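One structure is given here, and the rest of the page talks about it.
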Amino acid sequence: MNDSLLITNATILTVNPVDEVIHGGALLIEKGRIADIGPSDALEAKYAGVERLDATGHVLLPGLVNLHLHSGLIRGTAEDLPVFEWLTKYVDPKHRALTEDIAFDAARLSYTEALLSGTTCVMDMYRYMHKCADAAESLGLRATLAPYVVDKPGMDYFESLDKNVQLVLDRNKTANGRIQVWFALEHLTYCTEDAYRKAAAYAEKYDTGIHTHGEESIEMARRLQAQTGRWPVELFYDRGILGPRTVLAHCVWLQDSERELLARTGTAVAHCPVSNLKLASGIAPVKELLDLGVTVGIGTDGVKENNNLDMLEELKFVPLLQKARLLDATVIKAETALRMATIDGARALGLDGEIGSLEIGKKADLIAVDFRKHHLTPIIRGKYDNAVSNLVYAASGADVNHVFVDGKPLVLGRKLLTADAEEIRLSAQSAAERLFELREPFVPA
Ligand SMILES: [Zn+2]
């Protein structure tokens, strides 16, 4: 394809400030950006010579932003365990065994799964992340890389802050700006106070962000409070990492003081509803955080805790959980959930000026979901318009047909264009088999 493409006859969910929906709409991509948007008949007349992609029956929307995931290969193999038993028994030994070649295959698998289900932008917390950068660069998606840094004694098989600095120097803002590198810390129980202070100083020095796990377990939050006199978000505040360029994953259990700190400092939250359900962590107070003005995006977490990276599936849980928790069907409308998965996630990553909505001038990161399916019928316009509701409650990643990043088609008709998807799957299969063999000596009896 050349530099310009006119996508025609789509229902366009712009996710602009007034959540405008354009039926029978068209969108012009020029040099990687959205150059025009409006009624299809008008744009077709205006850009008569431009190459076209007919999107009849499709809903066009901003690419989804997965605000918290871990690339990985142990999907479905460590199930039905409490979070800390699961971590120490299976996840930490996996980190011991991981090699950079296996990490590369894991990242390629995870990013392929993400792209094929409509995610164009990920925040990945993983290891050997120069390999993740290679994977993201060749596949074409947008990635914020956040290496698992741990500095507690005896855990040097994780990443170090020095390596994180090197990754920032080598790969931050590379691949035409598609790759950014943040500082990242695993968890309060894995990292010293010093690590947080240093990460905060480095993030300032290198003009980048910070990602870490907020608390998911009430027991751990209580234990930390008993040990230190401070709740987890208060500890983050004391250690200097809260601010508009920090994203905390989970934040399931928050005292009022912690909610206020998040709001006051402009810290964003990556809400991971399926992971929180599966690990029996609880339900985050998303409605209350939104009411306080906190930016809340959505993450799948990894395949070891989800077990997929399907953001459209994830999206459905967000309003459902809040409605059930508060016994109030009016909270978190489908439009709000869609904003969380697009523009709010982009804002958390500092990218909302460039992506997250379909508006003239923004980068053309967008997806087309095929609504010509039994489970997405009928398509109703006007007074009973159901495009957003059906996207959030009825669609899944398998309905995503086309995916563009920077105006470049990465997936067309569900076919990955930037790599051999089957080769990636087969490589991941053998990498996983190697990983299990290497991990076995570290798994406690
Ligand atoms: Zn996580």
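Here the peptides 411-418, 211-218, 12-19, 382-389 are ranked by packing, the mean other Cβ count within 10 Å, and the order with the highest first is 211-218, 12-19, 411-418, 382-389. Applied to the range 276-288, the Karplus parametrisation 6.51 cos²θ - 1.76 cosθ + 1.60 on θ = phi - 60° returns per-residue 3J(HN,Hα) values of 5, 6, 5, 8, 6, 7, x, 10, 5, x, 5, 4, 5 Hz, with x for Gly and Pro. Per-residue extension of 0.36 nm, minus the Cα-Cα distance of residue 204 and residue 280, leaves a gain of 23.8 nm for this segment. Ordering 268, 280, 97 by Cα displacement along the dipole of the range 64-348 toward the positive end leaves 268 in first place; charges were set at the Cβ atoms of Lys, Arg (+1) and Asp, Glu (-1). Qualifying trypsin sites (Lys or Arg not before Pro) in the range 23-119, where qualification requires a DSSP coil assignment and no more than 12 other C-beta atoms within 10 Å, comprise 31. For residue 401, the residues whose modelled amide H falls within less than 5 Å of its own, excluding neighbours fewer than 5 places apart on the same chain, are 368, 369, 370.
Take each peptide in 138-144, 116-122, count the other Cβ atoms within 10 Å of every residue, and average; sorted highest first, the result is 116-122, 138-144.
Legend: translational diffusion of the range 64-348 by Stokes-Einstein, Rh = Kirkwood radius over C-alpha pairs, 20 °C, 1.002 mPa s; D = 115 µm²/s. Rg over Rh for the range 340-401 works out to 1.04, both radii taken from alpha-carbon positions and Rh defined as the Kirkwood radius. Rounded is the label for the range 260-357, because the ratio a/c of its alpha-carbon gyration tensor axes (a ≥ b ≥ c) stays below 1.5.
Taking amide H as placed 1.01 Å from N in the peptide plane, residue 192 has its amide H under 5 Å from the amide H of 151, 152, each at least 5 places away in sequence or on another chain. A straight Cα-to-Cα reach below 29 Å connects residue 46 with the lysines 31, 362, 363, 408, residues fewer than 8 places away in its own chain not being considered. Note on residue 198: aspartates and glutamates with a C-alpha under 16 Å away, same-chain residues under 8 apart excluded, are 151, 159, 162, 186, 207, 238. For the listed peptides 224-236, 268-280, 243-255, a ranking on the average number of other beta carbons within 10 Å per residue, highest first, reads 268-280, 243-255, 224-236. Look at the alpha carbon pairs under 8 Å that are at least 6 residues apart: their mean separation over the length of the range 311-422 gives a relative contact order of 25 percent. For the pair residue 393 and residue 20, a Förster radius of 30 Å applied to the C-beta separation gives a FRET efficiency near 0.90, rounded to the nearest 0.05. Charging the Cβ of each Asp and Glu at -1 and of each Lys and Arg at +1, and nothing else, the dipole of the chain about its Cα centre rounds to 300 debye.
Read-outs throughout are calculated quantities, based only on the coordinates presented, and are distinct from any laboratory measurement. Please read these numbers as outputs of a predicted model, since none were measured by experiment. Here Cβ is always computed from backbone atoms with ideal geometry, including for glycine, and neighbour counts include all displayed protein chains.
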